[in-house]
1. If you wrap a convex hull around the C-alpha atoms of region 1-145 and split its volume per residue, what is the figure in Å³?
2. Need the list of lysines near Lys20 for cross-linking: C-alpha distance under 27 angstrom, and skip anything on the same chain fewer than eight residues off.
3. Would you order Phe179, Phe305 from fewest to most other beta-carbon atoms within 10 Å of each residue's own beta-carbon?
4. Any number yet on Rg/Rh for region 1-51, C-alpha, Kirkwood?
5. Could you sort the peptides 294-302, 119-127 by per-residue average Cβ neighbour count (10 Å cutoff), highest mean leading?
6. Classify region 99-139 as rounded, prolate or oblate from the Cα gyration tensor: take a ≥ b ≥ c as the square roots of its eigenvalues, call it rounded if a/c is under 1.5, otherwise prolate when a/b beats b/c and oblate if not.
7. How do the peptides 218-224, 93-99 rank, highest first, by the average count of neighbouring beta carbon atoms within 10 Å per residue?
8. If you plug each phi of region 255-261 into the Karplus form 6.51 cos²θ - 1.76 cosθ + 1.60 with θ = phi - 60°, what whole-Hz ³J(HN,Hα) values come out, in order, with x for Gly and Pro?
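Nothing in this text is a laboratory measurement; each read-out follows from the coordinates by a stated rule. Because the structure is a prediction, the values reported are computed rather than measured. Heads up, the Cβs are rebuilt from the backbone with ideal geometry, glycines too, and the neighbour counts pull from every protein chain shown.
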Amino acid sequence: MVKILVAARIHRKAIEMLEKRGFSLVYREEPDEEELVNLVRDAEVLIVRSKPLVTRKVIYAGKKLKIIARAGVGLDNIDLDAARERGIEVINAPEAVTNSVAELTIGLMLSALRKIAYADRMMRRGIWPKKESIGYELRGKTLGIIGMGRIGRAVARMARYGFGMKILYYDVIRCPKEFEEEVGAVYTDLDSLLRGADVVSIHVPLTPKTKHLINESRLKLMKKNAILVNTSRGGVVDTNALIKALREGWIAGAAIDVYEEEPLPPNHPLTKLENVVLTPHIGASTYEALERASIDIAEKVINFFEKTVPGDTTGSKQRL
Ligand code: NAD
C-alpha cells in the first residue's frame, strides 16, 4: 500500500479522495527537520504547503519517495536540486490560488489608497483621523503590472472591469493580442511602467533575474503619489531601498504581503512607517484556495499512481 505523509494542513475533501483510493495516510502538521526525516523514510508521497522545509537531508532520507506535492504554488521550501538528483517528481497546484492572491492585491491597493489600515490603527488609539485619511480612487488611474502571468492577468481583469483602471504591463513574454485587447493592456518596458503608473503591482517569481528588481534607482522613477503593492516574493524588492523611499517620500505608500525575511521580525523598520500596509503572507490564505489546491494535488497524486506501469502493454494500473 502506498504511504502518503501529509506534513501540512490540507482540505478534508482531498484526504477523503486519497483514502477512498486506498492510500495509507500519515498526518503530521509541519514537523521539524528531524521529525520529518524519521517520518519520510517509508513514504512514497510527501504532501506539504509553504511549510515544512523539505531539505536535502529530508529528500535523501525518503528512500521510497516518488512525489513531493505542494498544495499551493511556491516551491521555495523544497530543495529542488536534491529532488532532481533523486528523480523525485515535484508537483504543485499553480491555478488554485490565483484568484485569492489577486483579490488580496486589490484589497491592499484599496487599503493603501483609501488609508483603511491607517485609519483603523488611529481610531484604536482614540484618534479621529478624518482629515489625514483623504485618499485616492482607483477609477481612471493607471495600474502598472510587473509580471503578467496567472495572478497578474487576474488582477488586470479585476482592475479593468471592477474599477475602470488603465493597464500598463511589463513581462519577459508579451501576452497574446486577445488578452491585451480584452483588458486594454499596453505592453511597455519596466522603466516606462514605473514612470507612468499610479499603482505598481508586482507578480513575478523570485529568480536571480528578479532579485531586487525594484531597487533604489527604480523606486526613484515612480511618481511621488504612486503606491507599490507586492504580493509576489519579498526578495523582488530591495527592502532597505523601499524603507528609504517611504521615509523620504519618493513614493506615497506601499502595501506588502511578502518579505525578504519571514516572519517579519518584531520592530522591523517597516512596522514603524504609517504609509505602508502590511499583511503576513496571506495571499493564498483563503478557505477556497486551500480546498482547490488540496483537491488539485490529490487528483495529481491519484493520476500519477494510476498511470500505466512502464513496459506494461496490458494497460493495467500500478497497485496502490
Ligand atoms: P506565473 O508564472 O503565472 O507568472 C509569472 C510571470 O512573471 C510570467 O508571465 C513570467 O513570464 C513573468 N516573469 C518571470 N521572470 C520575469 C522577469 N525577469 N521579468 C519580467 N517578468 C518575468 O506566476 P503566478 O501564478 O502569476 O504567480 C506570481 C508570483 O506570485 C509567484 O512568483 C509567487 O511567488 C507569488 N505568489 C504569492 C502568493 C502569496 O501568498 N502572496 C501566493 C501565490 C503566488
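1. With only Cα atoms used, region 1-145 gives 167 Å³ per residue.
2. Within the straight-line cut-off, Lys20 pairs with Lys3, Lys51, Lys63, Lys64, Lys66, Lys300, Lys307, Lys317.
3. By the 10 Å Cβ count, ascending: Phe179, Phe305.
4. Numbers: Rg = 10.6 Å, Rh = 11.1 Å.
Here the Rg-to-Rh quotient is 0.95.
5. In decreasing order of mean packing, 294-302, 119-127 become 294-302, 119-127.
6. Oblate, since a/c reaches 1.5 and b/c is not below a/b.
7. Working: 218-224: 17.9, 93-99: 19.9.
Final packing ranking: 93-99, 218-224.
8. Per residue, the Karplus-derived 3J(HN,Hα) values read 9, 10, 10, 10, 9, 5, 10 Hz.
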